[in-house]
1. In the range B:25-49, how many are more than 14 Å from residue A:74 (Cβ to Cβ) and surrounded by fewer than 14 Cβ atoms within 10 Å (Cβ to Cβ)?
2. Looking only at the range A:116-155, count how many residues are within 14 Å of another protein chain (Cβ to nearest Cβ) and touching a residue at least 40 places away in the same chain (Cβ under 8 Å).
3. Could you tell me whether residue B:22 is more than 30 Å from residue A:27 (Cα to Cα) and either surrounded by fewer than 12 Cβ atoms within 10 Å (Cβ to Cβ) or in contact with a strand residue (DSSP E or B) (Cβ under 8 Å, 6 or more places away or on another chain) (or both)?
4. Considering only the range A:18-32, state which residues are over 14 Å from the mean Cα position of the chain (by Cα) and at pLDDT 90 or above.
5. Take residue B:112 and decide whether it is under 28 Å from residue A:33 (Cβ atoms), in contact (Cβ under 8 Å) with a residue 60 or more places away in the chain and crowded, with 17+ Cβ neighbours inside 10 Å.
6. Could you tell me which residue of the range B:33-49 is nearest to the chain's Cα centre (by Cα), considering only residues that are at pLDDT 90 or above and within 14 Å of chain A (Cβ to nearest Cβ)?
7. Among the residues of the range B:2-17, are any in a strand (DSSP E or B) and under 16 Å from the mean Cα position of the chain (by Cα)?
8. Please determine whether any residue of the range A:106-116 is within 15 Å of the chain's Cα centre (by Cα) and in a helix (DSSP H, G or I).
């Protein structure tokens, strides 16, 4: 099936919610709720100075994956990858890689030089960590023990980009 | 002069704004604005489930320092020290230490086990870093190169506390 990347549409909201829920327990109920709130906030504030930015992976008109990113407040040229998710039925086909490469390119086009991603040390995130470390070649900036809760550390991944223009 | 710690009052807003501005360039204009917005948000939402928490260092009825902290969303028992500031005229008299000790105690009382603080590698933050590292014995969790902007790294300090109750 052909995959294409496109911008987020209001009609994607149910598919995005469904693919987040299908990824539990990697996304907790609270994280699913946060992501959906961010979608709504994006449409509620179409003229925000510094909006959440989205890209959707589309297969036959349906959102099978998405990424959400944006600048980190009080920084110049540093971006946060807030969410990246692919429907489990579409896993292992390179959709995540295609999405994140697109994000990296978009960040560089906007003059960004650094992308940060935060993830968990939990066992059910092993595939996620392999994705950042091995597939996407992110560097581990640090691991903060017991950050999310006792026994659940935070790992910060970073990747430096060559900015395409001065920010 | 006697120093006491007390909760934040609406009447403190001008003094807080003044002491932030007096600490430039350690606090940028944008950071001063953010802190003042957080004060206003606190008073606008007195029943917030998870409010910003403040403590004020008072000398003869005037706010000469303050700290602001709160739980980090999507964590259990981890707190962020958002801001701590002391008026430059009151520096080097232990006000910061008194404030941060109070915060650490409050976090532990609330069942928190970890406090995180983010600061900059810039030269004008040297005193701030000494405060966390030497005076308050915070551990450096990581340093992310060029995070704030090129040449301005982010340092994350952490301190593990013994929680006083289960969170």
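The values are calculated or read from the model by the stated rules, or taken from the named source; none is laboratory data. Because the structure is a prediction, the values reported are computed rather than measured. We place every Cβ from the backbone using ideal geometry, glycine too, and count neighbours over all the protein chains shown.
1. Taking the range B:25-49 and keeping what is more than 14 Å from residue A:74 (Cβ to Cβ), we get B:36, B:39-49.
When the remaining residues are screened for being surrounded by fewer than 14 Cβ atoms within 10 Å (Cβ to Cβ), the result is B:40-41, B:43-49.
Qualifying residue count, the range B:25-49: 9.
2. Kept after step one, since they are within 14 Å of another protein chain (Cβ to nearest Cβ), are these residues of the range A:116-155: A:116-122, A:125, A:138-155.
Checking which are touching a residue at least 40 places away in the same chain (Cβ under 8 Å) leaves us with A:116-117, A:125.
Final tally of qualifying residues: 3.
3. Numbers: more than 30 Å from residue A:27 (Cα to Cα): yes; either surrounded by fewer than 12 Cβ atoms within 10 Å (Cβ to Cβ) or in contact with a strand residue (DSSP E or B) (Cβ under 8 Å, 6 or more places away or on another chain) (or both): no.
So residue B:22 does not fit the description; no.
4. Let us first name the residues in the range A:18-32 that are over 14 Å from the mean Cα position of the chain (by Cα), namely A:18, A:21-22, A:24-25, A:28-30.
If the condition is that a residue be over 14 Å from the mean Cα position of the chain (by Cα) and at pLDDT 90 or above, then A:18, A:21, A:22 are the ones that fit.
5. Working: under 28 Å from residue A:33 (Cβ atoms): yes; in contact (Cβ under 8 Å) with a residue 60 or more places away in the chain: no; crowded, with 17+ Cβ neighbours inside 10 Å: yes.
Here the answer is no, as residue B:112 does not meet what is asked.
6. The qualifying residue nearest to the chain's Cα centre (by Cα) is B:35.
7. Going residue by residue through the range B:2-17, those that are in a strand (DSSP E or B) are B:3-6.
With under 16 Å from the mean Cα position of the chain (by Cα) added as a condition, the list becomes B:5-6.
Checked against the condition, which is being in a strand (DSSP E or B) and under 16 Å from the mean Cα position of the chain (by Cα), the range B:2-17 yields at least one hit.
8. Step one: of the range A:106-116, the residues within 15 Å of the chain's Cα centre (by Cα) are A:106-107, A:114-116.
If we keep only those that are in a helix (DSSP H, G or I) too, we end up with A:106-107.
Checked the range A:106-116: at least one residue is within 15 Å of the chain's Cα centre (by Cα) and in a helix (DSSP H, G or I).
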